[in-house]
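This report refers to the structure that appears directly beneath it.
The values are calculated or read from the model by the stated rules, or taken from the named source; none is laboratory data. Owing to the predicted nature of the structure, the values given are computational and were not obtained by experimental measurement. Here the Cβ is made from the backbone with ideal geometry for all residues, glycine too, and neighbour counts use every protein chain on show. Only protein heavy atoms, including side chains, enter the accessible area calculation; ligands, DNA and RNA are left aside. Shrake-Rupley method; radii C 1.70, N 1.55, O 1.52, S 1.80 Å.
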Amino acid sequence: MRITGSIKETRDQVKEWKAAGLSVALVPTMGYLHEGHRSLIDRARKENDKVVVSIFVNPMQFGPNEDLDAYPRDLDRDAKICEDGGVDLIFHPEVEEMYGPDFCGYVDMHTLPEKLCGASRPVHFRGVQTVVTKLFHIIPAHKAYFGQKDAQQLAIIRRMVIDLDFDIEIIGCPIIREDDGLAKSSRNTYLSAEERAQAVILNQSLDAAMDAIEAGETDATKVKQIITDTLNTCPLAKIDYVEVTSFDTIQPIEKVEGAVLIAIAVYIGTTRLIDNRIIL
């Protein structure tokens, strides 16, 4: 397995593989890999000849009061996970390599980023779209793999690929959870023991909503209330948002029908966690 921070070396290697007729997969990450990332790597490994994992904590997608400096980083640990998963190349650039002097080009869109996480993190998705666009140019893979835990991000990337005519297939992969149902996340490391115990309320609230839907409930307002009521039983939980939207447009809906995203963001103590259910 090769590790490089060079855009040129990475691009040249991917071009060489593609010229040899090999299929190439990209798994974009911000590092501190866990079983969720490993599931993306495993699927990419199964479906492609070569796998590239990018590890880059992207400063552009963090707001001024967010956790950029505290975001966990451990390249040695990440490299071991990648090597065990059969990754061929890790692209691990410095910020200066990705954003040179006087960088001023951005990628953005309307509508999809305006709700959910975009409402409380207004610069976030511009940063995500910009860095993913750069990665797609640096690593012109055949397929890119994203987790469904970041469902809004997945929807935005899919729309961006359509709108900007990227020649790449976007693969969404299921959420990987702890034994008690908490979605795997690098930010789970921020939780104290008490906070970690209470964080299961996110999954439990979504389970309660899905139980109601399976029993015939289609009123989106009532579904949201079920989630809110469940979350409010947790002393440490502070709700950022509870939304029921179209999965395609990330706009609110009145009735649970068609492609639906049920998404929540909740602070457990000072740590912001997200979770969701996608109904297709």
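The table below lists the values:
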item	result
Some residue of the range 216-223 being over 21 Å from the mean Cα position of the chain (by Cα) and buried (at least 17 other Cβ atoms within 10 Å of the Cβ)	yes
Lone qualifier among 94, 35, 66 - being of a type in the set (D, E, K, R) and over 19 Å from the mean Cα position of the chain (by Cα)	94
Scan of the range 156-173 for residues that are among the hydrophobic types (A, V, I, L, M, F, W, C) and open to solvent by 10 Å² or more (accessible area, probe 1.4 Å), ordered by number	161, 162, 164, 166, 168, 170, 171
Residue in the range 8-26 that is of a type outside the set (Gly, Ala, Ser), within 15 Å of the chain's Cα centre (by Cα) and over 18 Å from residue 272 (Cα atoms) present	yes
Where a residue in the range 252-280 is in contact (Cβ under 8 Å) with a residue 12 or more places away in the chain and open to solvent by 10 Å² or more (accessible area, probe 1.4 Å) and its partner, wherever it lies, is among the acidic types (Asp, Glu) and not in a strand (DSSP E or B), with Cβ under 7 Å and at least six apart	259/248; 269/195
Filtered residues of the range 108-118 (kept if on the phi < 0 side of the Ramachandran plot and either open to solvent by less than 30 Å² (accessible area, probe 1.4 Å) or in contact with a strand residue (DSSP E or B) (Cβ under 7 Å, 6 or more places away or on another chain) (or both))	112, 113, 115, 117, 118
Neighbours by Cβ (under 9 Å, 6+ apart or cross-chain): first from the range 213-224, closer than 10 Å to residue 256 by Cα; second of a type in the set (Gly, Ala, Ser)	217/209; 223/209; 223/212
From the options 88, 76, 42, 49, residue that is free of Cβ contacts under 8 Å to residues at least 24 places away in the same chain and among the acidic types (Asp, Glu)	76
Identity of the residue in the range 49-90, crowded, with 19+ Cβ neighbours inside 10 Å and among the polar types (S, T, N, Q), that ends up nearest to residue 129 (Cα to Cα)	61
